[in-house]
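No lab work stands behind these numbers, since they all come straight from the coordinates. What you see is a predicted model, and the numbers here were worked out from it, not measured in a lab. Cβ: placed from backbone, ideal geometry, glycine included. Neighbour counts: every protein chain shown.
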Amino acid sequence: TPESCATTQQAPVITPPTATTTPATNVTSNSATLNGTVNPNGTASGAFFNWGTTTTPPYANNTPNDTSPGSGTTAQPVFANLTGLAANTTYFFRIVAVNGSGGTVFGAEQSFTTASTPSTTPTVTSVSPSTLTQGTGAQYVTITGAYFTSSSYHQFSNNAPGSWYDPQIAPTINNSTS
């Protein structure tokens, strides 16, 4: 009978990729690097990151698809650089792995908070002692703001009344003196 000639073949088993979201790195006030790994489990796979500021996925943004995971059987690193982020903001993200047969796998959610925007205006935050008498003396001056590297100690001498200068050291600003 025709039924006795029929053979049954089992469809190939396609294992979906494995996706692992790992912590963000290189986080600044306006950028970050998202990280993860994808094991393609033998099927050609791509990956991207889903990210945004809401706590519930799916998030509002996706990075471009990265085909670097390939079709091997070991975990491959995947990363994406984000720029133009808002300062002092918490972002949520997860890796998304997709294989050629339509399997989609999501990594666990991670989060990071961008740094506050540094002040760009130099500000004297402390001077000790606050006044000097005519003659010579010393003061500790702390200046904060972008590109200032540290506090400094200055010894001042008075050339003339109301005219003070620092004979030993000038403040270090952005690796140059001024």
Next item on the list: Could you check the simple spin-label distance between residue 33 and residue 14, using points 7 Å along Cα→Cβ, in nm with one decimal?
Entry: 3.3 nm
Next item on the list: Give me the number: length gained by fully extending residue 25 to residue 68, i.e. 0.36 nm times residue separation minus the C-alpha to C-alpha distance, one decimal in nm.
Entry: 13.5 nm
Check: So what does log10 I(q)/I(0) come out to for the stretch 61-119 at q = 0.13, 0.22, 0.25 Å⁻¹, using the Debye formula with one equal point on every Cα and no solvent?
Finding: -0.47, -1.01, -1.19
Margin query: Expected output is a single nm value to one decimal: the length gained when fully extending between residue 60 and residue 88, i.e. 0.36 nm times separation in residues minus the C-alpha distance. What is it?
Written below: 8.2 nm
Check: Which part of the stretch 66-103 falls in the paramagnetic zone of residue 53, meaning amide N under 12 Å from the point 7 Å along Cα-to-beta-carbon?
Finding: 85-92
Next item on the list: Please list the non-local residues whose amide H lies under 5 Å from the amide H of residue 27, H modeled 1.01 Å from N, same-chain partners needing a gap of 5 or more.
Entry: 33
